[in-house]
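The values are calculated or read from the model by the stated rules, or taken from the named source; none is laboratory data. Note that the structure is a prediction, hence the values are computed from the model and not measured. Because the Cβ atoms are built from the backbone with ideal geometry, glycine has one as well, and the counts that use them run over all protein chains shown. Quick note on the areas: whole protein, heavy atoms, side chains included, nothing else; ligands and nucleic acids left out. Shrake-Rupley method; radii C 1.70, N 1.55, O 1.52, S 1.80 Å.
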Amino acid sequence: MIGLIAATANGRRRAVHLAEVWENACIYDGKPREALAAAWNECDSLVLFLATGAAVRLIAPLLEDKRRDPGVVCVDDAGRFAVALAGGHAGGANQLANEVAETLGTMPVITTASDSLGVPALDSLGERLGFCVENGSDLAGVGAALVSGEKVWLLSERRWPIGPLPDNVVSAEPPLPEPPPSETGSPEIFITDRLAEAPGPGRVVYRPPSLVAGIGCSRGAEATEILALLESALHEAGLSLKSVTVLASIDVKSGEPGLLKAAEILGVPLRFYTAGELAVIEVPNPSPVVAEAVGAPSVAEASVLASGAELLLEKRKSEKATVAIGRLPVRGRLALVSLGPGVDALVPPLARDALAASGLVVGLDQYIDRVRHLLRPGTRILTLPLGDEVARAEEALAEAHAGGSVALVSSGDIGVYAMASPALELAELDDIEVTLVPGITAAQAAASLLGSPLGHDHCSISLSDLLTPWEVIKNRARAAAFGDFVVSLYNPRSRGRDWQLGKVRDILLQHRPPDTPVGVVKNAYREDQNVTVTDLASLRPEEVDMLTVVVIGNSQTKLVAGRMVTPRGYLQREEER
Ligand code: SAH
């Protein structure tokens, strides 16, 4: 819940607006001091419509711990600024200041060092990967070193897709360097599931979600017994319970109350395998008794291995339960990112997030240039020339397979005549996490400049015969003509390929009138944008180039006040009534 507190008429007007448009916001009435006292414990964050001085005085006696206090945002009476005053990270004030800014049109003011420097905040590093900070970690000390540019070691047995890190963070991935960094005196960030690396002054330890516990149990096994066995097994193996990310078992146990309860207490999911799936897995300690009971000679060890994990600790037993522990492979991340047609404002917000979270960005020079300012310090860039599409996809995949976090970028939508298809064709194994960020295509961008030419059934045809034989292109053009589709022509003409557009025009002319409107849009939403509207008979291919998309209306498309409109049919239906 977000609490809103205002002292003046201006502040109150803005508070009322927020309360109306935000579902989870509520106004606390009365004198600010009393309203604040009431809101402090009930709300996750607060927006105070007060001067910063007044706000600081009011919240000072209430502040206790930045991990628990609500985040506080302060908006001035003129509504010019939304200041994240306290609880920037854990309290969510930085994020809230941005949201206030978005809704009220104020400017967000964020002063936490990591955010203003574009470096990751230690308390949320790896959050989206499921990392958790080990108690006793020196977040303040190491965080201060990080933002002040001091050398900080990043120590991990394995590579994790944590994204870009500023260059004062020195990665010592395996094998760890000699002498051990801990003897060099520099602050350290450890990413490990091993208990041996304990947190302390100058050291932050993250527990990654890396372990799977395979669990077998007989009917009636209590959660307490399962958890006690799990904890002692982890202790024996020197591993952290905080890194256990999933429990695995056999499906006949999917209703076993103790097992379900154990997973609930740990806050992790349960994954079940069938006896058939487990029976084919070779394990160190098969048991004929277990085979007799459930149809597979191992549950704990086999379900660890079935999860794709490496077995770290063979099965341990208590009266009614068995546990085995395994380590899961790291899944690297590949983001297939659409950059939209050109201007910054049409780069999707999800693309911005994906770029900021990627340690490596792969793409064509000209596209990367457009988004360089969205990359965080420490991001590596790989550009390969036009024509090296397969190499680009392979490089991106190799980085993800190595445990990195990589973005492969295309203009428009990456799924449309772009890099998503070759990348996904090559990504045969399900061993990396792939996300796609959609974007505005050239055809959509062009359409928006022309009017509403895509208001009814439409299709796109690429005239590039580099990868598609002309026969195929011609047949598709014929089918589009026959089907009376609005047609967007991509790659309409290049220096060495200049006759196809004329041929397609002639094919379409056989099925729709010569005065059918045609939009020719060059460099949509880029500096040299050029929009012209002509008709099919007058379309002059020599005025078209590779930076152009040509949108050809269907038999119903018309010009209204100079704009291309393909009727959806509503007005026609009205007329018939
Ligand atoms: N993935 C892109 C398409 C890449 S194919 C998308 O979704 O838009 C390249 C072709 O797209 C170019 O030859 C041109 O026909 C068209 N194109 C791309 N960007 C354009 C723009 N800003 N203006 C006009 N046409 C564009």
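Here are Leu436, Leu449: which of them is more than 12 Å from the ligand (Cβ to nearest atom), open to solvent by 30 Å² or more (accessible area, probe 1.4 Å), aliphatic (A, V, I, L, M) and not in a loop (DSSP other than H, G, I, E, B)? One residue alone meets the criteria, Leu436.
With closer than 12 Å to Gly363 by Cα, away from the ligand (no atom under 16 Å from the Cβ), among the small types (Gly, Ala, Ser) and in contact with a Leu (Cβ under 8 Å, 6 or more places away or on another chain) as the only criterion, which of Ala407, Ala400, Ala391 stands out?
Values: Ala407 fails: away from the ligand (no atom under 16 Å from the Cβ); Ala400 fails: closer than 12 Å to Gly363 by Cα.
Exactly one of Ala407, Ala400, Ala391 is closer than 12 Å to Gly363 by Cα, away from the ligand (no atom under 16 Å from the Cβ), among the small types (Gly, Ala, Ser) and in contact with a Leu (Cβ under 8 Å, 6 or more places away or on another chain), namely Ala391.
Of all the criteria given as (1) more than 7 Å from the ligand (Cβ to nearest atom); (2) buried (at least 19 other Cβ atoms within 10 Å of the Cβ); (3) outside the structural domain of Gln500 (by TED's automatic domain parsing); (4) not in a helix (DSSP H, G or I), the one not satisfied by Asp431 is (2). Considering the stretch 401-426, and only residues there that are part of a loop (DSSP other than H, G, I, E, B) and of a type in the set (Ser, Thr, Tyr), the residue that is surrounded by the most Cβ atoms within 10 Å (Cβ to Cβ) turns out to be Ser411. Only a single criterion out of (1) within 9 Å of the ligand (Cβ to nearest atom); (2) aliphatic (A, V, I, L, M); (3) within 25 Å of Ala396 (Cβ to Cβ) is not satisfied by Ala443, namely (3).
Quick check on the stretch 481-510: of everything there that is in contact (Cβ under 8 Å) with a residue 60 or more places away in the chain and either within 18 Å of Glu542 (Cα to Cα) or within 11 Å of the ligand (Cβ to nearest atom) (or both), which residue is surrounded by the most Cβ atoms within 10 Å (Cβ to Cβ)?
Start the filter on the stretch 481-510 by keeping residues that are in contact (Cβ under 8 Å) with a residue 60 or more places away in the chain, which leaves 484-491.
Now narrow it down to the ones that are either within 18 Å of Glu542 (Cα to Cα) or within 11 Å of the ligand (Cβ to nearest atom) (or both): 488-491.
Numbers: Ser488: 25, Leu489: 27, Tyr490: 19, Asn491: 19.
If we take residues in the stretch 481-510 being in contact (Cβ under 8 Å) with a residue 60 or more places away in the chain and either within 18 Å of Glu542 (Cα to Cα) or within 11 Å of the ligand (Cβ to nearest atom) (or both), then Leu489 is surrounded by the most Cβ atoms within 10 Å (Cβ to Cβ).
Within the stretch 259-317, being under 34 Å from the mean Cα position of the chain (by Cα) and of a type in the set (Lys, Arg) holds for Lys261, Arg271.
Gly53 falls short on exactly one of the conditions (1) outside any strand (DSSP E or B); (2) in contact (Cβ under 8 Å) with a residue 12 or more places away in the chain; (3) of a type outside the set (A, V, I, L, M, F, W, C), and that condition is (2). Within the stretch 232-258, can you find the residues that are assigned to a strand (DSSP E or B) and not hydroxyl-bearing (Ser, Thr, Tyr)? Of everything in the stretch 232-258, those that are assigned to a strand (DSSP E or B) and not hydroxyl-bearing (Ser, Thr, Tyr) turn out to be Leu239, Val244, Val246, Leu247, Ala248, Ile250. Looking only at residues that are within 34 Å of the chain's Cα centre (by Cα) and part of a strand (DSSP E or B) in the stretch 531-555, which one is nearest to the ligand (Cβ to nearest atom)? If we take residues in the stretch 531-555 being within 34 Å of the chain's Cα centre (by Cα) and part of a strand (DSSP E or B), then Val549 is nearest to the ligand (Cβ to nearest atom).
The requirement of being over 27 Å from Ala279 (Cβ atoms), open to solvent by less than 40 Å² (accessible area, probe 1.4 Å) and basic (Lys, Arg) is fulfilled nowhere in the stretch 236-259; no residue meets it.
Taken over the stretch 518-577, the criterion of being in the same structural domain as Arg497 (by TED's automatic domain parsing) and among the aromatic types (Phe, Trp, Tyr) is satisfied by Tyr525 alone.
Every listed requirement among (1) surrounded by 22 or more Cβ atoms within 10 Å (Cβ to Cβ); (2) free of Cβ contacts under 8 Å to residues at least 24 places away in the same chain is met by Leu63 save one, (1). Here the stretch 356-380 is the region considered, the condition is being in contact with a Gly (Cβ under 9 Å, 6 or more places away or on another chain) and assigned to a helix (DSSP H, G or I), and the residue that is farthest from Ala391 (Cα to Cα) is Ala356.
Among Leu146, Leu85, Leu165, which is part of a strand (DSSP E or B) and surrounded by 18 or more Cβ atoms within 10 Å (Cβ to Cβ)?
Numbers: Leu146 fails: part of a strand (DSSP E or B); Leu165 fails: part of a strand (DSSP E or B).
From the options Leu146, Leu85, Leu165, the qualifying one is Leu85.
Here's a check for you: in the stretch 458-508, which residue that is assigned to a helix (DSSP H, G or I) and among the polar types (S, T, N, Q) is nearest to Ala443 (Cα to Cα)? Spell out how you get there, then give the answer.
Let us first name the residues in the stretch 458-508 that are assigned to a helix (DSSP H, G or I), namely 470-482, 500-508.
Those left that are additionally among the polar types (S, T, N, Q): 475, 500.
Details: Asn475: 21, Gln500: 19 Å.
Among those residues, the one meeting the criterion is Gln500.
Residues that are in contact (Cβ under 8 Å) with a residue 60 or more places away in the chain, open to solvent by 60 Å² or more (accessible area, probe 1.4 Å) and in contact with a Ser or Thr (Cβ under 9 Å, 6 or more places away or on another chain) within the stretch 527-573 comprise Gln556, Arg563, Arg568, listed in sequence order.
Counted as qualifying within the stretch 300-355 are the strands (runs of 3 or more DSSP E) with 3 or more residues that are of a type in the set (D, E, K, R) and touching a residue at least 60 places away in the same chain (Cβ under 8 Å), namely 310-317.
Does any residue of the stretch 377-387 turn out to be farther than 23 Å from Gln529 by Cα, away from the ligand (no atom under 16 Å from the Cβ) and open to solvent by less than 30 Å² (accessible area, probe 1.4 Å)? The answer is yes, given that some residue of the stretch 377-387 is farther than 23 Å from Gln529 by Cα, away from the ligand (no atom under 16 Å from the Cβ) and open to solvent by less than 30 Å² (accessible area, probe 1.4 Å). Screening Gly276 on (1) assigned to a strand (DSSP E or B); (2) open to solvent by 40 Å² or more (accessible area, probe 1.4 Å); (3) not charged (D, E, K, R) shows it passes everything except condition (1). Considering the conditions (1) away from the ligand (no atom under 12 Å from the Cβ); (2) open to solvent by 70 Å² or more (accessible area, probe 1.4 Å), Pro513 is excluded by exactly one of them, (2). Quick check: is even one residue across the stretch 336-343 surrounded by fewer than 19 Cβ atoms within 10 Å (Cβ to Cβ), within 15 Å of the ligand (Cβ to nearest atom) and among the polar types (S, T, N, Q)? Scanning the stretch 336-343 turns up no residue that is surrounded by fewer than 19 Cβ atoms within 10 Å (Cβ to Cβ), within 15 Å of the ligand (Cβ to nearest atom) and among the polar types (S, T, N, Q).
Annotation: Asp77 fulfils all but one of (1) crowded, with 18+ Cβ neighbours inside 10 Å; (2) on the phi < 0 side of the Ramachandran plot; the unmet one is (1). Sub-6 Å Cβ pairs linking a first residue in the stretch 265-284 that is over 21 Å from Glu310 (Cβ atoms) to a second residue that is open to solvent by 50 Å² or more (accessible area, probe 1.4 Å), at least 6 apart or interchain, are Thr274/Asp251, ordered by first then second residue.
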